[in-house]
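The values are calculated or read from the model by the stated rules, or taken from the named source; none is laboratory data. The model shown is predicted, which means the values in this text are computed figures rather than measured ones. With ideal geometry, Cβ positions are generated from the backbone for all residues, glycine too; neighbour counts draw on all protein chains shown. Surface areas here come from the heavy atoms of the whole protein model, side chains and all, with no ligands, DNA or RNA. Shrake-Rupley method; radii C 1.70, N 1.55, O 1.52, S 1.80 Å.
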Amino acid sequence: MPPTKVKSAEVPIAPKRQHKADAKAATHAPPKPRPLTRIQREKQDIILEAALDVFSLHGFRGATIDQIAEVAGMSKPNLLYYFPRKEEIHRRLMGELLVTWLAPLREMDADGDPFPEIRSYIRRKLEMARDFPRESRLFANEMLQGAPRIIEMIEVDLKNLVDEKARVLLTWMDQGKLTRTDPYHLIFSIWATTQHYADFDVQVRAVLGPGRGGEGRFEDAARYLEQLFLFGLTPRPR
């Protein structure tokens, strides 16, 4: 039912002093920030790209503004014009990274068939390991330090999404479509096995050798992990 309209005569009239206070507050309200120009957006993108290189290599503590400015090809004062503190650059990167990182899990469709959905999730995570190795290392470094700069994102955004998808997996298990297991540890296992190919890529390529350490290693990994998880999740007759 739509809210009842209040007649104009019934609207309470604020005291005159309140009007003056409102007018004064409006007069002294801080101006809204102007939208960035195209050149400013491009400069920020250059800085963030350089910071991703530096943070993923040295971690937050080891990275410096001077290193980021050098990789970005600009002076330190110019960089500080766009990002006054290292923390602001890192926070911006981590916020964008978490959105990217959660996208594959978010795409798991509760109305879909569980095996194609889980297979697609494994492949999307491996594609991210292949295409975003710097982002993966940046995220891993933050986790190893206790996630001090993104703990709220982890405890809210990440947890809420994992809780939601855990309920989806449990529903499929209740319907007899998947072997009953702990959905949280299932998700953790997929994270661990797929992200390994980004965080330990040097080790993977060294062990596989030149014959198998090329781009085909991701397709080999996908087939293996599909077999591992999907066979383990196939219900067995009692």
Selection over the range 139-168 where residues are among the β-branched types (Val, Ile, Thr) and more than 15 Å from the chain's Cα centre (by Cα) yields a count of 1
Exactly one of 63, 103 is surrounded by 13 or more Cβ atoms within 10 Å (Cβ to Cβ), out of contact with any Gly (no Cβ under 7 Å at 6 or more places or on another chain), at pLDDT 85 or above and not β-branched (Val, Ile, Thr), and that one is 63
The condition of being under 23 Å from residue 225 (Cβ atoms) and either free of Cβ contacts under 8 Å to residues at least 60 places away in the same chain or open to solvent by 70 Å² or more (accessible area, probe 1.4 Å) (or both) holds, among 147, 192, only for 192
Expected single match for out of contact with any His (no Cβ under 6 Å at 6 or more places or on another chain), loosely packed, with under 11 Cβ neighbours inside 10 Å and assigned by TED's automatic domain parsing to the domain that holds residue 118 among 162, 156 is 156
Contact list, first residue from the range 163-186 and under 21 Å from residue 106 (Cβ atoms), second anywhere and assigned to a loop (DSSP other than H, G, I, E, B) and of a type in the set (A, V, I, L, M, F, W, C), beta-carbon distance below 6 Å, six or more apart or interchain, is 165/108; 168/110; 172/178
Subset of the range 141-188, residues in a helix (DSSP H, G or I) and among the acidic types (Asp, Glu), comes to 142, 152, 155, 157, 163, 164, 174
